[in-house]
Amino acid sequence: MKTIVVATGNPHKVEELRAVLDLPGVRLITLADAPGGAGGGAIPEPAETGRTFEENATIKALAYARATGLPCIADD
């Protein structure tokens, strides 16, 4: 099963995405459940220095993917 991190502080966002995406063979997890997350230490929040929501979401997704070693999706 493939695991994807949902980079959000909103615990309900993961549930919303699970319902909307319904991806067979994919497990969506929160940052807290990710390697290095709340269960294993703190993952530093990246600076959102983008000029648009899209740029900031990309910054977050890439930073958390590097920190966890897992694919990551983010919003802003």
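Among the β-branched types (V, I, T) and touching a Pro at 6+ places or on another chain (Cβ under 6 Å): is that true of I29 in this structure? Explain how you work it out, then say what you get.
Numbers: among the β-branched types (V, I, T): yes; touching a Pro at 6+ places or on another chain (Cβ under 6 Å): no.
Judged against the criteria, I29 is not a match.
Of everything in region 15-39 that's of a type outside the set (A, V, I, L, M) and loosely packed, with under 11 Cβ neighbours inside 10 Å, which residue is modelled with the lowest pLDDT?
Step one: of region 15-39, the residues of a type outside the set (A, V, I, L, M) are 15-16, 18, 22, 24-25, 27, 30, 33, 35-37, 39.
Right, trim to loosely packed, with under 11 Cβ neighbours inside 10 Å and you get 22, 24-25, 39.
Working: D22: 83, P24: 91, G25: 94, G39: 50.
Selected residue: G39.
Those residues that are over 12 Å from the mean Cα position of the chain (by Cα) and either closer than 19 Å to P71 by Cβ or modelled with pLDDT of 90 or more (or both), I need them from region 1-14; list them, please. Before you say what the answer is, go through the steps one by one.
Within region 1-14, the subset over 12 Å from the mean Cα position of the chain (by Cα) is 1-2, 12.
Those that are over 12 Å from the mean Cα position of the chain (by Cα) and either closer than 19 Å to P71 by Cβ or modelled with pLDDT of 90 or more (or both): M1, K2.
What are the residues in region 40-62 that are over 18 Å from K13 (Cα atoms), assigned to a helix (DSSP H, G or I) and either of a type in the set (D, E) or modelled with pLDDT under 85 (or both), if any? Step through it out loud before you land on a result.
Of region 40-62, the ones over 18 Å from K13 (Cα atoms) are 40-44, 46-52, 55, 59, 62.
Those still in the list that are assigned to a helix (DSSP H, G or I) too: 55, 59, 62.
The one that is over 18 Å from K13 (Cα atoms), assigned to a helix (DSSP H, G or I) and either of a type in the set (D, E) or modelled with pLDDT under 85 (or both): E55.
Answer with yes or no whether T49 is free of Cβ contacts under 8 Å to residues at least 12 places away in the same chain and of a type in the set (V, I, T). Can you show your working first?
On the way: free of Cβ contacts under 8 Å to residues at least 12 places away in the same chain: yes; of a type in the set (V, I, T): yes.
Criteria met by T49.
The values are calculated or read from the model by the stated rules, or taken from the named source; none is laboratory data. Fair warning: this is a prediction, and the values are worked out from it, not measured in the lab. Heads up, the Cβs are rebuilt from the backbone with ideal geometry, glycines too, and the neighbour counts pull from every protein chain shown.
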